[in-house]
Structures are given as C-alpha cells and as structure tokens.
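Note sheet for the following structure.
Every number here is computed from the coordinates shown, using simple stated rules; none is lab data. Just so we're clear, the structure is a prediction, and the values are computed from it rather than from any experiment. Every residue, glycine among them, receives a Cβ derived from its backbone with ideal geometry; neighbour counts consider all protein chains shown.
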Amino acid sequence: MRIRLSGPLEHDSIVNGYGLRAVLWTQGCYRRCPGCQNPETWDFRAGMLVEVGEVKERLRAFKGQAGITFCGGEPFEQPEACLEISRWCREELNWNVWSFSGYVYEDLKAEGGAKWEFLKSLDALIDGPFILAERDLTLKFRGSRNQRLLHLEPGTGKILRTE
Ligand code: SF4
C-alpha cells in the first residue's frame, strides 16, 4: 500500500496537538477553502507516493514523540493508508493519534467504511473546513471558529469532550 504525501515527515512539532508530535502531511484535497494555508496540497497528482512500510520505518526513527498528527491536504481521502499507519503508531510506538479533516465528524461517521475506521483509530479529530470569515488566530491548533477539537475514545469513535 502507498500513501501520497505532500512533504517530508516532521517530528518535534508543538503546533499540531499536545506534546511533541510527528506530523504526516497528506497530498490532495477537494475542498479548496478560500484562505487555505496549504493550497499546494490540493492537487491529487502532486507530492510523492511513498510505501506505507517506508513511512513506518521513518517514523520509528523519531524518538521522544507523544504522538502523530495527520495533516493535509485531506487525510480522509486516503483512509486505508492512514488507518494502517495510525494503528501501527499506536501498537508499535505507543503514540496517540490526531488528525485534521475538512469534513465534519458527523459526515465521516455517516459515510462509514474506511473513513469511519480511520476516525475510530484516533484520539482526537480537528474537524471542519477552514472558513475565512470565521478566522480566529487565538484558537488552539485550528484556524477558524467553526472547527472543533474533538477528543475521542479510540476503538469506538465516541466523542468524549469538545475543546
Ligand atoms: S480542507 Fe484544509 S487543506 Fe483542504 S482546502 Fe480546506 S483548509 Fe485547505
């Protein structure tokens, strides 16, 4: 299995969730939100295709991380590969797992399938598109007021609390 990434894997990030975090940038997003900070990640033909096994080996080399955050682009356009990496990070590295999505929780749940399976593998989801009119630079980890930081129960996808 391969995943399309928009850039190199990062580590020691403190801006994409709590604790020191690895960050995986997926390539490809349909939403085209005005004001998006990463328009270069929209094109599904751009970026680079990487074997999931190669991603795992690169992540294993990152020491002292609390978890991983999937950013985009839209991680939920590649749910099978993201699910595989998410499960592996939890089981092999004992990391917690966060993801951003331009979709809202309710729509991902209603769609079911691999998207819901990936969502159920998470500890937290920051959901919803970036809306320029709702921009708020004081928010933690997100750019507009409509976006929610949802803390989830891994395995069930149940919302534990909203921050
Ligand atoms: S969902 Fe995210 S990556 Fe996609 S266009 Fe909107 S802000 Fe950009």
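Side notes on the structure shown:
- Interchain or long-range residues, amide H under 5 Å from Val104's placed H: Gly128
- Label-to-label distance, Thr138 versus Lys63, with points set 7 angstrom from Cα along the beta-carbon direction: 4.1 nm.
- Most positive-pole-ward Cα, Pro75, Ile14, Ala114, against dipole of the stretch 1-120 from beta carbon charges: Ile14
- Filtered trypsin sites (Lys or Arg not before Pro), the stretch 63-104: DSSP coil and at most 14 other beta carbons within 10 Å: Lys63
- Nearby lysines by direct alpha-carbon distance to Lys63 (threshold 27 angstrom, same-chain neighbours under 8 apart not counted): Lys120, Lys140
- Karplus-derived HN-Hα couplings along the stretch 87-97 (A = 6.51, B = -1.76, C = 1.60, θ = phi - 60°), whole Hz, x at Gly and Pro: 4, 5, 4, 5, 6, 8, 10, 6, 8, 7, 10
- Dipole magnitude for the chain: about 240 debye, using +1 per Lys or Arg Cβ and -1 per Asp or Glu Cβ, origin at the Cα centre.
- 3J(HN,Hα) along the stretch 30-43: 7, 6, 6, 5, x, x, 3, 7, 10, x, 5, 9, 6, 5 Hz, from the Karplus curve 6.51 cos²θ - 1.76 cosθ + 1.60 with θ = phi - 60°, whole Hz, x for Gly and Pro.
- Between Arg32 and Asp107, the modelled labels are 1.5 nm apart [label points 7 Å from Cα along Cα→Cβ].
- Amide H contacts of Thr26 (H built 1.01 Å from N, in plane; Pro and chain starts excluded): Ser6, Cys71, Gly72 sit under 5 Å, all sequence-distant by 5 or more or on other chains.
- Surface/4 of the Cα convex hull for the stretch 31-163, nm²: 8.4
- Average Cα contact separation per residue, the stretch 2-162, under 8 Å, 6 or more apart, as relative contact order %: 19
- Among Arg32, Arg2, the order by Cβ neighbours within 10 angstrom, fewest to most, reads Arg32, Arg2.
- The stretch 144-157 - phi-based ³J(HN,Hα) in whole Hz, Karplus 6.51/-1.76/1.60, Gly and Pro as x: 9, 5, 6, 7, 10, 9, 9, 8, 10, 8, x, x, 10, x
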